[in-house]
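Below: the structure, in structure tokens.
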Amino acid sequence: MSKRDYYEVLGVSKDAGERDIKKAYKRLAMKYHPDRTAGDEALEAKFKEVKEAYEVLTDSQKRQMYDQYGHAAFEQNGGGGHGGFGGGADFGDIFGDVFGDIFGGGGGRRQSRQQRGADLRYSLDLTLEEAVKGKDVEIKVPTWVSCKPCDGSGAKAGSKPKTCSTCHGAGQVQMRQGFFAVQQTCPTCQGTGQVISDPCDSCHGQGRVEKTKTLSVKIPAGVDTGDRIRLSGEGEAGMHGAPAGDLYVQVTVREHPIFVRDGNNLYCEVPISFTTAALGGEIEVPTLDGRANLKIPSESQTGKMFRMRGKGVKSVRSGSVGDLICKVVIETPVNLNERQKELLKELEESMSGDSKNRPKAQGFFDGVKKFFDDLTK
Ligand SMILES: [Zn+2]
Ligand SMILES: [Zn+2]
């Protein structure tokens, strides 16, 4: 199904100002708002269409893209799109992002008529160990790169793109409308300011070709799910030699069989025998650097947490190190032989009726007794 023209959707002219667009949107939004249309799917779709058109046409950058490339401007965005990446930190700065300012949006006026290449997103799965220690990875990214034979210009070797005769290279033309002069994207060159009469054979005048790029990426130690690393200028090459977009490497850390990570802390559950819990002792626990010993004091209850300082994850931002928190779980012994059962029965008899061995149970049963006493009052 082909999409309707945004201007047509809102019923405004191509050179409509922001006020007119807002007015048109308000009127249509009232008409098609879901609160009024009560589940009518066709009307709901209309509302969506109106909203989408409004969002594009009131954003000057998006509007310019739409004017140049139509709906295609928003379709080839590799699932990523500009700015729609959700939470997580951006680690572009860690890599001395010197190009960021040059290519960043809004900056250089001179490049505003050239459409920067799309940003790309690459999803990278890491094990917990890899995320904690950092890793150099090689990734393969299908993308667009600048065309070599024409050096990105799109014009056949030996020829050059000519300055557009309609706009004289400005990429914009002035349209007179009564008292007003309105700036519009040049219809001859679509805003590039140049026309190619003899297009390059390998890129057909686009100035870029499809290629799978191999990149080395340094993943800093301590990254977590949701973090992303920006590689400036490693996104898609722009058309006709326009600057490339950025590549975002989006990190996901896989679940670990032993540790659960929460920020910079690690959690793990360690089973201990009930005799160790009662008498105390030393147990072996896993850490990311190998095994470590943990002292269990006597009379430890199940669920007790022990903090091992500095055995967690080193923060990628602050450099501070988290802790490993071990939760001990007392395991009821199974597969007991006769002799062991004997011993336990003997223990049981020695404890029965002696509330000082089981203070918690004593407190609990006192509470239960009071509960029933109160009920029967
Ligand atoms: Zn032109
Ligand atoms: Zn070419």
> Near K22, which lysines are there with a Cα under 28 Å away, not counting those fewer than 8 places off in the same chain?
Replying inline: K3, K14, K31, K46, K48, K51, K62
> Where does the chain land on the Kirkwood hydrodynamic radius, alpha-carbon pairs, in angstrom?
Replying inline: 27.3
> Taking the stretch 235-296, which chymotrypsin sites (Phe, Trp or Tyr not before Pro) meet the DSSP loop condition and have no more than 13 other C-beta atoms within 10 Å?
Replying inline: none
> Tell me, what is the FRET efficiency for Q61 and S165 to the nearest 0.05, using R0 = 30 angstrom and their Cβ-Cβ distance as r?
Replying inline: 0.65
> Which of the cysteines in the chain are isolated, no other cysteine C-beta under 4.7 Å?
Replying inline: C268, C326
> Considering only DSSP beta bridges with both partners in the chain, what is the antiparallel share in %, to the nearest 5?
Replying inline: 70
> Taking the Cα centre of the chain as the origin, how large is its charge dipole in debye, to the nearest 20, when only Lys and Arg (+1) and Asp and Glu (-1) carry charge on their Cβ atoms?
Replying inline: 1320
> In nm, what is the difference between 0.36 nm times the number of residues separating T214 and K46 and their Cα-Cα distance?
Replying inline: 56.2 nm
> Which FRET efficiency value, to the nearest 0.05, is calculated for D5 and E138 with the Förster distance at 41 angstrom and r the Cβ-Cβ distance?
Replying inline: 0.40
>> No solvent, one uniform scatterer per C-alpha: report log10 I(q)/I(0) for the stretch 260-331 via the Debye equation at q = 0.18, 0.25 1/Å, two decimals.
In response: -0.66, -1.06
> Is any residue of the stretch 258-281 close enough, with backbone N under 18 Å, to a label point placed 7 angstrom from the Cα of K304 along the Cα-Cβ axis, and if so, which?
Replying inline: 268-281
> Between E18 and M351, how many nm apart are label points set 7 Å from Cα along the C-beta direction?
Replying inline: 7.5
> How far is the Cα center of the stretch 48-71 from the Cα center of the stretch 185-235, in Å?
Replying inline: 22
> If you take the beta carbon distance between A72 and F179 as r and set R0 to 41 Å, what does 1/(1 + (r/R0)^6) give as a FRET efficiency, to the nearest 0.05?
Replying inline: 0.75
> Given DSSP loops and a limit of at most 13 other Cβ atoms within 10 Å, what is the longest stretch of the chain that contains no such GluC sites (Glu not before Pro)?
Replying inline: 1-254
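Read-outs: derived from the displayed coordinates by stated rules, not from any lab. Here the structure is a predicted model, which is why all the values come from computation and not from measurement. All Cβ positions, even for glycine, are placed from backbone atoms using ideal geometry, and neighbour counts span all protein chains on display.
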